[in-house]
1. Calculate one ³J(HN,Hα) per residue across segment 47-60 by plugging θ = phi - 60° into the Karplus curve 6.51 cos²θ - 1.76 cosθ + 1.60, and present them in order as whole Hz with x for glycine and proline.
2. For THR31, list long-range residues whose amide hydrogen, built 1.01 Å from N in the peptide plane, is under 5 Å from its own amide hydrogen.
3. Using amide H atoms built 1.01 Å from N in the peptide plane, name the residues 5+ places from ALA53, or on other chains, whose amide H lies under 5 Å from its own.
4. Per residue, what accessible area does the chain have, given a 1.4 Å probe and all protein chains present, in Å²?
5. Going Cα to Cα from LYS118, which lysines come in below 26 Å? Please leave out same-chain ones fewer than 8 positions away.
6. Calculate the radius of gyration of the Cα atoms of segment 23-125 to one decimal place, then report Dmax, the largest Cα-Cα distance, as a whole number, both in Å.
7. What is the set of long-range amide H partners of VAL105 at a cut-off below 5 Å, with H atoms built 1.01 Å from backbone N?
8. Quick one: Karplus J couplings for segment 6-19, per residue in order, coefficients 6.51, -1.76, 1.60, θ = phi - 60°, nearest Hz, x for Gly and Pro?
Amino acid sequence: MKNQQIKMLIIDDEEMLGEIVKDYFEDLGITVKQVVSGKEGIDELLENDYDVALVDLRLPDTSGTDLISRVSRERSHIKYFIFTGSLDFILNDEMRSLGLSDESVIYKPVRDMSELYKRIMNSFR
């Protein structure tokens with residue numbers, strides 16, 4: 001998939017961090033939208049067509065895993081990535097059954113944005 005065809009949604013209540021990630025991916029030609037709550041993320045994913053969702057684990061109104069569980073039933077084609085500062089986070093069986101792997105977990109802070117880009121692009125292979 002070419003960068004110009006990829007649509008990404010960032011769901012993270014840390015607006016500044018989301019903005020940095022958004023700017024990086026837009027510079028690479030990827031279309032990116034950013035929202036700051038689980039409700040906004042769910043609405044956006046269900047109403048629009050995205051290829052990738054980068055979902056914060058801890059949102060003010062829901063958990064990232066609950067959001068993915070809810071949305072993936074209707075949007076199973078989306079590549080979901082969990083974005084977390086919790087270094088002890090481990091994917092549960094439900095997340096694995098939805099197609100997430102250890103490569104789908106991105107730990108904050110991201111020291112090398114190109115690593116994040118590589119993981120996302122590798123998910124399309």
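1. With the stated coefficients, segment 47-60 comes to 9, 10, 9, 10, 9, 9, 10, 9, 10, 5, 5, 10, 9, x Hz.
2. The answer is ILE6, MET8.
3. For ALA53, the qualifying residues are LEU9, LYS79, TYR80, PHE81.
4. Dividing the accessible area of the chain by its residue count gives 54 Å².
5. Of all the lysines, those that pass the test against LYS118 - Cα under 26 Å, at least 8 places apart if same chain - are LYS2, LYS7, LYS22, LYS33, LYS79, LYS108.
6. According to the Cα coordinates of segment 23-125, Rg and Dmax are 12.9, 35 Å.
7. For VAL105, the qualifying residues are ILE82.
8. Working through the residues one at a time gives 7, 10, 10, 10, 9, 10, 7, 7, 8, 4, 5, 5, x, 5 Hz.
The values are calculated or read from the model by the stated rules, or taken from the named source; none is laboratory data. All values derive from a computational prediction rather than experimental measurement. Surface accessibility is based on the protein's heavy atoms, side chains included, excluding ligands, DNA and RNA. Shrake-Rupley method; radii C 1.70, N 1.55, O 1.52, S 1.80 Å.
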